[in-house]
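> I have a structure I would like to understand better, so I am pasting it below and will then ask my questions one at a time.
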Amino acid sequence: MPAVFVIFCDMENAADLIKRLSPLMDENSEVFRELSTFFGSDAKVVVHQGDLAKFLGRKRLYRVIRLQGDSYKDCVYQLVDDYPESMEALGMLRYYKAPTGKIQWADIENAEIAIGKELTVNAYGWEPDAWTAFEGTESQGARHEMVAILAFDFGD
């Protein structure tokens, strides 16, 4: 059996990797910034750079959706109700940002279960489909946040 090497991103090499995989992406764009955050070293769930390579596939358009609610589950319902185009995405990377204080992992698990229940089997075929979490800051207040980075087919 061949050896398998797993390489994880940190904030510094994530930006370099994004530039290499998508050289035309503007470094000052919201998508670039959010991808750098998602794959950054402050993430509480380490993500694999292979997800970045899948996400930055050929002929793709990207969109960042920011949601706030009383819970992460509330953010998921907002995504499904207010952004139905998210179900047409090829890939979704999302991160949860905790209100001031520690991350409540059970709340994130409930949100992920809600995503699975709310989306039909046909729509829930994102590649990649990955999430991570970040601790909140004082300035954030008591609101739960979810940032979804979506990839769409650009077409031929």
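The values are calculated or read from the model by the stated rules, or taken from the named source; none is laboratory data. All values derive from a computational prediction rather than experimental measurement. So basically every Cβ, Gly included, is an ideal-geometry build from the backbone, and we count neighbours across all protein chains shown. Ligands, DNA and RNA are stripped out before the accessible areas are found, and what is left, the full protein with its side chains, is counted by its heavy atoms. Shrake-Rupley method; radii C 1.70, N 1.55, O 1.52, S 1.80 Å.
> Go over the candidates Asp42, Asp74 one by one and state the one that is farther than 29 Å from Leu17 by Cα and either at pLDDT 95 or above or open to solvent by 80 Å² or more (accessible area, probe 1.4 Å) (or both). Break it down into steps so the answer makes sense when it comes.
Values: Asp42 fails: farther than 29 Å from Leu17 by Cα.
Going through Asp42, Asp74 in turn, just one is farther than 29 Å from Leu17 by Cα and either at pLDDT 95 or above or open to solvent by 80 Å² or more (accessible area, probe 1.4 Å) (or both): Asp74.
> On to the next question. Kindly indicate whether any position in the stretch 62-71 is part of a helix (DSSP H, G or I) and surrounded by 17 or more Cβ atoms within 10 Å (Cβ to Cβ).
Filtering the stretch 62-71 down to residues part of a helix (DSSP H, G or I) leaves none.
No - not one qualifying residue is present in the stretch 62-71.
> With the structure loaded, tell me whether Ser36 is surrounded by 14 or more Cβ atoms within 10 Å (Cβ to Cβ), in contact (Cβ under 8 Å) with a residue 24 or more places away in the chain and among the hydroxyl-bearing types (Ser, Thr, Tyr) or whether it fails that test.
Considered against the rule, which asks whether it is surrounded by 14 or more Cβ atoms within 10 Å (Cβ to Cβ), in contact (Cβ under 8 Å) with a residue 24 or more places away in the chain and among the hydroxyl-bearing types (Ser, Thr, Tyr), Ser36 comes out as yes.
> Taking only pairs six or more apart or across chains, which ones have beta-carbon atoms under 6 Å, a first residue in the stretch 73-99 that is closer than 20 Å to Asp51 by Cβ and among the charged types (D, E, K, R), and a second residue that is modelled with pLDDT of 90 or more and open to solvent by 10 Å² or more (accessible area, probe 1.4 Å)?
Arg94/Trp131; Lys97/Phe134; Lys97/Glu145
> Out of the stretch 137-151, which residues are crowded, with 20+ Cβ neighbours inside 10 Å and either on the phi > 0 side of the Ramachandran plot or over 9 Å from the mean Cα position of the chain (by Cα) (or both)?
His144, Ala151
> Give the residues of the stretch 80-104 that are in a helix (DSSP H, G or I) and at pLDDT below 95, sorted by residue number.
Of everything in the stretch 80-104, those that are in a helix (DSSP H, G or I) and at pLDDT below 95 turn out to be Val80, Asp81, Pro84, Glu85, Ser86, Met87, Glu88.
> So, in the stretch 28-48, exactly how many residues are closer than 11 Å to Ala130 by Cβ and in a helix (DSSP H, G or I)? It would help to see each step written out before you state the result.
Looking only at the stretch 28-48, we keep the residues that are closer than 11 Å to Ala130 by Cβ, and these are 38-39, 43, 45-48.
Still in the running and in a helix (DSSP H, G or I): 38.
The qualifying residues number 1.
> With respect to Ile108, is the statement that it is among the β-branched types (Val, Ile, Thr), under 22 Å from Asp42 (Cα atoms) and at pLDDT 90 or above true? Break it down into steps so the answer makes sense when it comes.
Working: among the β-branched types (Val, Ile, Thr): yes; under 22 Å from Asp42 (Cα atoms): yes; at pLDDT 90 or above: yes.
It is true that Ile108 is among the β-branched types (Val, Ile, Thr), under 22 Å from Asp42 (Cα atoms) and at pLDDT 90 or above.
> Going by what's in this entry, would Gln49 be described as within 26 Å of Ile18 (Cβ to Cβ), open to solvent by 30 Å² or more (accessible area, probe 1.4 Å) and polar (S, T, N, Q)? Outline the logic, then answer.
Details: within 26 Å of Ile18 (Cβ to Cβ): yes; open to solvent by 30 Å² or more (accessible area, probe 1.4 Å): yes; polar (S, T, N, Q): yes.
So Gln49 fits the description; yes.
> So is Arg94 among the charged types (D, E, K, R) and either open to solvent by less than 20 Å² (accessible area, probe 1.4 Å) or under 16 Å from Ile18 (Cα atoms) (or both) or not? Break it down into steps so the answer makes sense when it comes.
Details: among the charged types (D, E, K, R): yes; either open to solvent by less than 20 Å² (accessible area, probe 1.4 Å) or under 16 Å from Ile18 (Cα atoms) (or both): yes.
In short, yes.
> Determine if the stretch 10-27 includes at least one residue that is in contact (Cβ under 8 Å) with a residue 12 or more places away in the chain, crowded, with 18+ Cβ neighbours inside 10 Å, in a loop (DSSP other than H, G, I, E, B) and of a type outside the set (Ser, Thr, Tyr).
There is no residue in the stretch 10-27 that is in contact (Cβ under 8 Å) with a residue 12 or more places away in the chain, crowded, with 18+ Cβ neighbours inside 10 Å, in a loop (DSSP other than H, G, I, E, B) and of a type outside the set (Ser, Thr, Tyr).
> What tally of residues in the stretch 114-134 results from selecting those that are modelled with pLDDT of 80 or more and open to solvent by 80 Å² or more (accessible area, probe 1.4 Å)? It would help to see each step written out before you state the result.
Quick first cut of the stretch 114-134, residues modelled with pLDDT of 80 or more only: 114-117, 127-134.
Filter once more, keeping what is open to solvent by 80 Å² or more (accessible area, probe 1.4 Å): 117, 127.
Residues in the stretch 114-134 being modelled with pLDDT of 80 or more and open to solvent by 80 Å² or more (accessible area, probe 1.4 Å): 2 in total.
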